Structures are given as C-alpha cells and as structure tokens.
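Participant: Submitted below is the structure of interest, expressed as structure tokens.
The values are calculated or read from the model by the stated rules, or taken from the named source; none is laboratory data. Just so we're clear, the structure is a prediction, and the values are computed from it rather than from any experiment. Cβ coordinates were reconstructed from backbone atoms using ideal geometry, including for glycine residues, and neighbour counts include every protein chain displayed. The protein model used for the area step is the full one, side chains on, heavy atoms only, and it has no ligands, DNA or RNA in it. Shrake-Rupley method; radii C 1.70, N 1.55, O 1.52, S 1.80 Å.
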Amino acid sequence: MEESSMIKWHIFHTLGELLKTTPLDNLSVKEICKASNISRQTFYRHFPDKYSIINWHFTLLSEDTLKQVGRTLTWYQAHVKLFTYFYNEQTVYIHAYSQDYNAWNRYAYRHSSKIYIETLTEYKKVTPTKELLIQADAAALVCSILSSKWIFGGMKESPEEFATLLEGVLPQKLKSVLEKDLPNQPAPKDEPN
C-alpha cells in the first residue's frame, strides 16, 4: 500500500475512534490531526476538509459496490455489499451524519447519481432518455436518504432485508436497463398471466 493510502486509512480509523464519543460536526481538523499524530499540513495534503475523510471511504466502497451495478452485480447484490460495509463501519457513518453540503449522506446522493449515469452511458452505451436520467437521479436520491435513515436509525434490518426493501422502490425501467445482459445471472422467471 502506498504511503498516501496508509495515511488516509490511518486518519479514517483515528476518526472512527473519535466518533465513538463526538459527532463529526463537533470535531475540528485540529483535534483529528492531534489524535492522528499528524500535522495539519499532512491532513490537508490528503483531505480538503473533515467531511472528505468519510467521502473518500464511501468512494472506495462504491468502487466495489455501486460502480458494479449493471457491470458484474445486480442492483440487489451491490447494495447488500454496500450495506454490509456500512454495517461494519456503523459507528463512523452514524456519527458522521450531518446537514453540511459536504457530509457523506449528501455526497452519497451526488456520487451515486453520477455512477448510475456513467454506467448507462459509458458501460452500457445507452443514450439515456430524460426518463432514465430522472430515474437514475431518483434512485440515487431515494437510496441515499433511506440509507441515511437506516444507518441513523440503528440498522434494525439486516443488509439483505434493507436491500430488498429498497429494491422495491427502484424504478423498474432503470433496473431493467442496468441489469440487461448481465453475465452469470439467473434467467428471469416467467410472469403468471
């Protein structure tokens, strides 16, 4: 692992410890630096602000989950993985919740929408209609808002149960386009008449 990644992981894990007692909105970069035993200069070389620590982590998670929707994973499979990651880092995500524009819960919406649209245009080679663009944006918005509620509410449902509930509100046309020609997936069952 390169030095920059090691420093980012160190800061992330230190932040996780700090978040056990103090919400992110109440922490300063100075406190994060002191607990991480790094200088402010080192911090700002890796992150523009304290919210970017969580956003960096979410971006890493999304490479293995959201970015794989329609490529190697179904929507459900990708979200079970994502929600399992959230579950494993629940202290961080619960206490990093904020109304700040840069907070992870708002970043997740912007980032997810971008990923869905990139998958449609660059991977699936689909020229999205206005309807598909709205559906991609709606899926990202609904998923980020409800994921935040699930996390902040204590994750009462398992990642699998929660993914199933969210899949029920996913726009079906978007799902159909994303999952079309997905390799190694079971054939759809015939609908009863």
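Participant: Taking the condition of being among the hydrophobic types (A, V, I, L, M, F, W, C) and in contact with a Gly (Cβ under 8 Å, 6 or more places away or on another chain), how many residues in the range 67-93 meet it?
Facilitator: Residues that pass the stated criteria total 1.
Participant: Mind listing whichever residues of the range 82-93 are without any contact (Cβ under 8 Å) to a residue 60 or more places away in the chain, open to solvent by 60 Å² or more (accessible area, probe 1.4 Å) and either within 13 Å of the chain's Cα centre (by Cα) or farther than 18 Å from LEU15 by Cα (or both)?
Facilitator: Answer for the range 82-93, where residues must be without any contact (Cβ under 8 Å) to a residue 60 or more places away in the chain, open to solvent by 60 Å² or more (accessible area, probe 1.4 Å) and either within 13 Å of the chain's Cα centre (by Cα) or farther than 18 Å from LEU15 by Cα (or both): just TYR85.
Participant: Hey, can you tell me all the residues within the range 1-32 that are farther than 20 Å from PHE58 by Cβ and either under 20 Å from the mean Cα position of the chain (by Cα) or part of a helix (DSSP H, G or I) (or both)?
Facilitator: Once the filter is applied, which keeps residues that are farther than 20 Å from PHE58 by Cβ and either under 20 Å from the mean Cα position of the chain (by Cα) or part of a helix (DSSP H, G or I) (or both), the range 1-32 yields GLU3, ASN26, LYS30, GLU31.
Participant: When you look at PRO128, is it modelled with pLDDT of 95 or more, touching a Ser or Thr at 6+ places or on another chain (Cβ under 7 Å) and on the phi < 0 side of the Ramachandran plot, yes or no?
Facilitator: No; evaluated as a whole, the condition is false for this residue.
This table checks each residue for (1) within 26 Å of LYS175 (Cβ to Cβ); (2) surrounded by 15 or more Cβ atoms within 10 Å (Cβ to Cβ).
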residue	(1), (2)
GLN41	no, no
ILE53	no, yes
LEU66	yes, yes
LEU73	yes, yes
HIS95	no, yes
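Participant: I want to confirm something. Restricting to the range 1-15 and keeping residues that are open to solvent by less than 50 Å² (accessible area, probe 1.4 Å) and not hydrophobic (A, V, I, L, M, F, W, C), which single residue is farthest from VAL92 (Cα to Cα)?
Facilitator: Per the stated criteria, the residue is SER4.
Participant: Which residue pairs have Cβ atoms closer than 7 Å, lie 6 or more positions apart in sequence or on different chains, and pair a first residue in the range 50-76 that is on the phi < 0 side of the Ramachandran plot with a second residue that is crowded, with 23+ Cβ neighbours inside 10 Å and in a loop (DSSP other than H, G, I, E, B)?
Facilitator: Between residues of the range 50-76 that are on the phi < 0 side of the Ramachandran plot and residues that are crowded, with 23+ Cβ neighbours inside 10 Å and in a loop (DSSP other than H, G, I, E, B), the close pairs are ILE54/ALA96.
Participant: Out of all the residues in the range 99-114, which are surrounded by 18 or more Cβ atoms within 10 Å (Cβ to Cβ) and closer than 25 Å to LYS156 by Cβ?
Facilitator: If the condition is that a residue be surrounded by 18 or more Cβ atoms within 10 Å (Cβ to Cβ) and closer than 25 Å to LYS156 by Cβ, then ALA103, TRP104, ASN105, ARG106, TYR107, ALA108, TYR109, SER112 are the ones that fit.
Participant: Run down ALA78, ALA35 and say which single residue is open to solvent by 20 Å² or more (accessible area, probe 1.4 Å), of a type in the set (A, V, I, L, M, F, W, C) and in a helix (DSSP H, G or I).
Facilitator: Sole residue among the options that is open to solvent by 20 Å² or more (accessible area, probe 1.4 Å), of a type in the set (A, V, I, L, M, F, W, C) and in a helix (DSSP H, G or I): ALA35.
Participant: Further, regarding this structure: Sort out which residues of the range 115-158 are of a type in the set (D, E, K, R) and either buried (at least 20 other Cβ atoms within 10 Å of the Cβ) or part of a helix (DSSP H, G or I) (or both), and write them in order of number.
Facilitator: Residues satisfying the conditions are GLU118, GLU122, LYS130, GLU131, ASP137, LYS149.
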